[in-house]
Amino acid sequence: MKDTAKHQGLRNQLAELLAQKGITDQNVLAAIRKIPRHLFLNSSFEDYAYQDKAFPIGAGQTISQPYTVAFQSQLLEVKKDHKVLEIGTGSGYQTAVLFHLGAKVYSVERQNELFKQTSALLPKLGIRAKHLSFGDGYKGLPNHAPFDSIIVTAGAPIIPQALMAQLKVGGRLVIPLGETHQVMTLLVRKNETQFEKHEFGEFRFVPLLENKN
Ligand code: SAH
């Protein structure tokens with residue numbers, strides 16, 4: 001598949017729509033204008049790729065809706081060279097947004113099929129994640145901790161303790177919390193023991209699964 005002027009036009013429209021919906025971070029909007037979302041989807045979705053919708057990506061999972069990706073990315077307040085941990089690589093689209101924001105991205109995926117597919121795709125698109133791994137995101141990546149920020153891209157019933165422990169003081173953890181629907185939640189680590197919690201309304205995600213099949 002190619003990236004054409006038509007795709008670029010659709011991306012510009014998508015960024016415009018996200019700005020109307022309240023996304024104000026210009027770096028996030030620039031990433032949306034830049035990343036060829038249609039290349040993260042099966043070619044049968046090419047005509048729909050720039051709609052503000054989630055789509056199936058295989059293994060019963062979905063690529064997150066662009067508004068959700070932009071909203072979570074904005075909450076992370078990524079600075080150049082921040083170490084960012086993503087739980088739920090999926091299609092790699094959110095990974096690509098983080099990369100374009102200047103982050104050193106570490107990402108974990110528990111579906112082997114998606115892990116393999118996305119590990120092969122990202123380098124082809126010039127997206128250099130620092131570390132992609134196959135495993136259970138509930139555990140985070142203790143060997144690479146601490147992180148400036150952590151983003152969870154699946155609906156979590158609880159905040160995994162391991163993720164809180166792997167956040168730097170001053171760091172931000174963005175996680176959709178809840179079983180049937182999720183409340184977008186931001187934790188800011190104040191010191192060794194205290195976290196400040198902020199909530200940002202409801203979103204819908206596929207579940208963050210514990211390590212069982
Ligand atoms: N950021 C992705 C979102 C994919 S959906 C994108 O936009 O494409 C959420 C992803 O989280 C799925 O790929 C799912 O397999 C993965 N996931 C669910 N539970 C997980 C866990 N415990 N550890 C790591 N990944 C998990």
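The values are calculated or read from the model by the stated rules, or taken from the named source; none is laboratory data. As the structure is a computational prediction, the values presented were derived from the model and not from experiment. Here the Cβ is made from the backbone with ideal geometry for all residues, glycine too, and neighbour counts use every protein chain on show. All accessible areas refer to the heavy atoms of the entire protein, side chains included, with ligands and DNA or RNA removed. Shrake-Rupley method; radii C 1.70, N 1.55, O 1.52, S 1.80 Å.
Against the conditions (1) in a loop (DSSP other than H, G, I, E, B); (2) surrounded by 20 or more Cβ atoms within 10 Å (Cβ to Cβ), Ile158 satisfies every one except (2).
Suppose we filter the stretch 81-112 for residues that are open to solvent by 50 Å² or more (accessible area, probe 1.4 Å) and within 9 Å of the ligand (Cβ to nearest atom); how many remain? Steps first, answer last, please.
Of the residues in the stretch 81-112, the ones open to solvent by 50 Å² or more (accessible area, probe 1.4 Å) are 81, 100, 104, 110, 112.
The next check asks that each one be within 9 Å of the ligand (Cβ to nearest atom); those that pass are 110.
Within the stretch 81-112, residues that are open to solvent by 50 Å² or more (accessible area, probe 1.4 Å) and within 9 Å of the ligand (Cβ to nearest atom) number 1.
Residue check: Tyr138 meets all listed conditions (1) farther than 30 Å from Met1 by Cα; (2) within 11 Å of the ligand (Cβ to nearest atom); (3) free of Cβ contacts under 8 Å to residues at least 40 places away in the same chain but one, namely (3). Residue check: is Lys197 open to solvent by 50 Å² or more (accessible area, probe 1.4 Å), in contact (Cβ under 8 Å) with a residue 12 or more places away in the chain, under 20 Å from Lys79 (Cα atoms) and not aromatic (Phe, Trp, Tyr)? When the stated conditions are applied, Lys197 does not pass them.
Scanning the stretch 112-133 for residues being of a type outside the set (D, E, K, R) and touching a Leu at 6+ places or on another chain (Cβ under 9 Å) gives a total of 11.
Taking the condition of being open to solvent by 10 Å² or more (accessible area, probe 1.4 Å) and within 11 Å of the ligand (Cβ to nearest atom), how many residues in the stretch 141-153 meet it?
2
Can you spot a residue in the stretch 104-127 that is touching a Gly at 6+ places or on another chain (Cβ under 7 Å) and without any contact (Cβ under 8 Å) to a residue 24 or more places away in the chain? Within the stretch 104-127, none of the residues are touching a Gly at 6+ places or on another chain (Cβ under 7 Å) and without any contact (Cβ under 8 Å) to a residue 24 or more places away in the chain.
Got at least one residue in the stretch 66-73 being surrounded by 18 or more Cβ atoms within 10 Å (Cβ to Cβ), closer than 24 Å to Phe147 by Cβ, at pLDDT 95 or above and away from the ligand (no atom under 12 Å from the Cβ)? Yes, there is a match, as at least one residue in the stretch 66-73 is surrounded by 18 or more Cβ atoms within 10 Å (Cβ to Cβ), closer than 24 Å to Phe147 by Cβ, at pLDDT 95 or above and away from the ligand (no atom under 12 Å from the Cβ).
Taken as a whole, the stretch 25-32 holds at least one residue that is farther than 26 Å from Glu210 by Cβ and free of Cβ contacts under 8 Å to residues at least 24 places away in the same chain.
Total residues in the stretch 23-64 satisfying the condition of being open to solvent by 40 Å² or more (accessible area, probe 1.4 Å) and not basic (Lys, Arg): the figure is 17.
Residue under question is Ala5, and the condition is that it be surrounded by 16 or more Cβ atoms within 10 Å (Cβ to Cβ) and not basic (Lys, Arg); does it hold? Walk me through how you get there before you give the answer.
Details: surrounded by 16 or more Cβ atoms within 10 Å (Cβ to Cβ): no; not basic (Lys, Arg): yes.
In short, no.
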